[in-house]
């Protein structure tokens, strides 16, 4: 859901309704069963996310981060408990919880414009005219600075550009929650930094609610309002939630020497490498 | 500073993105066309002339070796079959006896005395109907089997048994069912070509990446949209492999089926020529069949290349 813009600052005005949680993950367990083997991936996960919040979920690989995101997306059903979005239970995938997948998953037989347009046509096919849908597609591509490559196929653009188009496709659905599943994991450091800046800018402009999976501590601290740290699997759960109290807009270069930034970074590092260090045998 | 460096990075990687290789068969055609351009324009344009010369030499390099081999084979054939006791006609005798068939494919001298081109067209018409039907039904059944675990469990064993039945084994039963030669021949084409189409389509659909399925789920595509927007494009390379095998089998089956059912097809022509000991006519017909089969294969392959241009996973 895109919040109205403040006429003075041109940033999103977020109207929070007190006493009513926007997204609530309520005592969620997830068990995968294959034949006789039974793996409990998540146990008793509780989390409440406010509208307009940017939340990252961090943890070692195999801790069930992606599973948690799939539960919110509705791609995987919960075993026990419930995911509630605006007090309604999530039990199937839908465009109100758009996902940007780790490996972009653009359709290679469509151009970047057509990839975004597929989402726009599907979500706004009834409410917007053809011309409005085309304009909306163009606006979304402009938002991620990809308007120049609308007629290119995914195989003709770089990894970072593909991920930008993936973000444009997700944003084009005007989701209530934008779900990012390690979106920059496969990118080089420079491209990743550039995309992080873009995501921060988009979040500032649209004021949307974002949940992002990452395994990069700097990325988590730089982007988030809150960092959700997961314990190791199996039966992983939320170990700690850190509120990142840094003013926005945040600039990468200033952050490097910012005391609060360093403190947050240290807290996440300590959680990940002291108290819940990665144990291979645990898998 | 940082952001401009990153943008530069983006632009650089964009320019060196993977380019699709130009298919070999497509490259030969324009080269041949340029080589046939009138040489009058050469004098004023040395660059153009040079290019024409290069194209001519590349065309010669592909055309000359098979011609030389062909000539050598013809000479060996001529020498081997020239003896008075030889059972098969040498090339010179074929040329004398079947000149009309070679030079004019489209003559009409009577209801049963027509050129080989016309006979081929009759056979091709049957193939078009039979193969067209098997493409549509094959892709739909393949999609069903690829998509539904229960459909696969139920149908796959039956398909695996039926696909091993030779084409002609279907002919008596289809003659009994249709009571007419032409629909029977079409049915034989249909039943022969359909198995590789079903099996390849099913494999293609089973191999649709989970990512595309997730995209479809998030977008809430309905089954029809999913079929057209995701399934068909994603499985297209597999589908065209099946179609290409299918068209080859169709061409094999129609010749055999026409030998038995009669009519004006090329298959019956061979059988008829054998019965009246016109061996030269048979040799000419064989060459026609080979060339048409080759063209059919290339045609489906070319359509496949056109249709799957963007499908290669990136």
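Quick look at the values:
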read-out: Residues of the stretch A:252-283 satisfying the condition of being within 23 Å of the chain's Cα centre (by Cα), surrounded by fewer than 17 Cβ atoms within 10 Å (Cβ to Cβ) and modelled with pLDDT under 90; value: A:252
read-out: Out of B:169, B:236, B:202, sole residue that is in a helix (DSSP H, G or I), surrounded by fewer than 22 Cβ atoms within 10 Å (Cβ to Cβ) and away from chain A (no Cβ under 14 Å); value: B:169
read-out: Hits in the stretch B:217-231 (condition: touching a residue at least 12 places away in the same chain (Cβ under 8 Å) and more than 9 Å from chain A (Cβ to nearest Cβ)); value: B:227, B:231
read-out: Residue among A:227, A:202, A:262 that alone is touching a residue at least 24 places away in the same chain (Cβ under 8 Å), more than 14 Å from every other protein chain (Cβ to nearest Cβ), out of contact with any strand residue (DSSP E or B) (no Cβ under 7 Å at 6 or more places or on another chain) and outside any loop (DSSP other than H, G, I, E, B); value: A:202
read-out: Residue B:106, sole failed condition from (1) modelled with pLDDT under 90; (2) surrounded by fewer than 17 Cβ atoms within 10 Å (Cβ to Cβ); (3) out of contact with any helix residue (DSSP H, G or I) (no Cβ under 8 Å at 6 or more places or on another chain); value: (3)
read-out: Residue match in the stretch B:87-100 (condition: modelled with pLDDT under 90, under 23 Å from residue B:258 (Cα atoms), touching a helix residue (DSSP H, G or I) at 6+ places or on another chain (Cβ under 8 Å) and not in a helix (DSSP H, G or I)); value: yes
read-out: Filtered residues of the stretch B:210-228 (kept if part of a loop (DSSP other than H, G, I, E, B) and under 18 Å from residue A:99 (Cα atoms)); value: B:219, B:220, B:221
read-out: Filter pass, residue B:244 being within 14 Å of another protein chain (Cβ to nearest Cβ), in a helix (DSSP H, G or I) and touching a helix residue (DSSP H, G or I) at 6+ places or on another chain (Cβ under 7 Å); value: no
read-out: Single unsatisfied condition, residue A:91 versus (1) surrounded by fewer than 21 Cβ atoms within 10 Å (Cβ to Cβ); (2) within 18 Å of the chain's Cα centre (by Cα); (3) within 14 Å of another protein chain (Cβ to nearest Cβ); value: (2)
read-out: Single residue of A:245, A:197, A:188, A:225 found to be buried (at least 16 other Cβ atoms within 10 Å of the Cβ), in contact with a helix residue (DSSP H, G or I) (Cβ under 9 Å, 6 or more places away or on another chain) and in the same structural domain as residue A:28 (by TED's automatic domain parsing); value: A:197
read-out: Check on residue A:99, facing chain B (nearest Cβ under 9 Å), in contact (Cβ under 8 Å) with a residue 60 or more places away in the chain and not in a loop (DSSP other than H, G, I, E, B); value: yes
read-out: Number of the condition not met by residue A:166 [criteria: (1) surrounded by 20 or more Cβ atoms within 10 Å (Cβ to Cβ); (2) away from chain B (no Cβ under 11 Å)]; value: (2)
read-out: Test set (1) assigned to a helix (DSSP H, G or I); (2) more than 14 Å from chain A (Cβ to nearest Cβ); (3) free of Cβ contacts under 8 Å to residues at least 24 places away in the same chain - residue B:306 fails condition number; value: (2)
read-out: Sole exception among (1) buried (at least 19 other Cβ atoms within 10 Å of the Cβ); (2) closer than 30 Å to residue B:308 by Cβ; (3) more than 14 Å from chain B (Cβ to nearest Cβ) for residue A:130, by number; value: (1)
read-out: Filter result for residue A:195 (within 10 Å of chain B (Cβ to nearest Cβ) and in contact with a strand residue (DSSP E or B) (Cβ under 9 Å, 6 or more places away or on another chain)); value: no
read-out: Residue tally, condition more than 17 Å from residue A:174 (Cα to Cα), surrounded by 18 or more Cβ atoms within 10 Å (Cβ to Cβ), touching a strand residue (DSSP E or B) at 6+ places or on another chain (Cβ under 7 Å) and away from chain B (no Cβ under 14 Å), over the stretch A:45-80; value: 13
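The values are calculated or read from the model by the stated rules, or taken from the named source; none is laboratory data. Note that this is a predicted model, so its numbers are computed, not measured. Cβ sites come from the backbone with ideal geometry, for glycine too, and all protein chains shown count toward neighbours.
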